Amino acid sequence: MGVVVLYQYPMTENRTGPQTIEFLTKRIVALGAVQSGQYLVDCDTWSSIPQLGHPRTVHILHNSEQPASVFAVLESGNKVVPLIADGLFDLLMIKLNTIYQNRKQKMECKGPRFELGDFLVKLGSVTMTQNFKGVLVEVEYRPCVVASGCLELIREFVHGFLGNVASNQVPQYLQNRVNDIYQPMDTIHQYLDHFGQYRKATTVI
């Protein structure tokens, strides 16, 4: 696994979610990319019952790129504790349903994945409880494992593919980890950040 940067693609009024994915697919294929299957990242969120006192939230995520792993992120106040476990962790959360309750706000990001030289590009439609929320574009530069060594290269590639709509900002989560070895959990944190933004937008509406 290389370094991954996740981008939120802005939606326009005259284009639906599937039309946006089709538009981006045509652009990446025109550059010479070859489709290599589909991908899926999903997230279930559990909240502690009020009787436990200080509220705690557990996010359970799965990434089809790491099918044998379950990713968990515990949020308690200002503390964030990440955990990588196996598939039995899903069963554990069900067993803990007297302590943690599922919010029933399942988030999913799924769509086609493409290979283009050293890059892996994924175009994902984001849904919350099956309602479309937006489009995320995941770009991975596979030969590099330290973000500071390839962020400029990724940014240049993305601007050639997405144009000026791509943010120049380093994702907030990566800002403090640009010199660390990139890990699968870093991708999970980026997805969790974007899923949180979509949830907040829904709450505002």
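The values are calculated or read from the model by the stated rules, or taken from the named source; none is laboratory data. Predicted model, so just to flag it, every value in this text is computed and none were measured. Here the Cβ positions follow ideal geometry from the backbone for every residue, glycine too, while neighbour counts run over all protein chains shown. We work out accessible area using only protein heavy atoms, side chains counted, and drop any ligands, DNA or RNA first. Shrake-Rupley method; radii C 1.70, N 1.55, O 1.52, S 1.80 Å.
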Exercise for the section: Kindly provide the set of residues from region 150-205 that are open to solvent by 40 Å² or more (accessible area, probe 1.4 Å), among the hydrophobic types (A, V, I, L, M, F, W, C), touching a residue at least 24 places away in the same chain (Cβ under 8 Å) and assigned to a helix (DSSP H, G or I), ordered by number. Expected result: 165, 201
Practice task
Taking residue 121 as the residue in question, decide whether it is among the hydrophobic types (A, V, I, L, M, F, W, C), assigned to a strand (DSSP E or B) and modelled with pLDDT of 95 or more.
Solution key: yes
Exercise for the section: For region 22-43, indicate whether the set of residues that are under 23 Å from residue 173 (Cα atoms), in contact with a helix residue (DSSP H, G or I) (Cβ under 8 Å, 6 or more places away or on another chain) and surrounded by fewer than 17 Cβ atoms within 10 Å (Cβ to Cβ) is non-empty. Expected result: no
Problem - Restricting region 128-143 to residues that are modelled with pLDDT of 95 or more and open to solvent by 10 Å² or more (accessible area, probe 1.4 Å), the residue that is nearest to residue 196 (Cα to Cα) - result: 140
Exercise for the section: Can you work out which of the residues in region 65-87 that are free of Cβ contacts under 8 Å to residues at least 12 places away in the same chain and not in a loop (DSSP other than H, G, I, E, B) is surrounded by the fewest Cβ atoms within 10 Å (Cβ to Cβ)? Expected result: 79
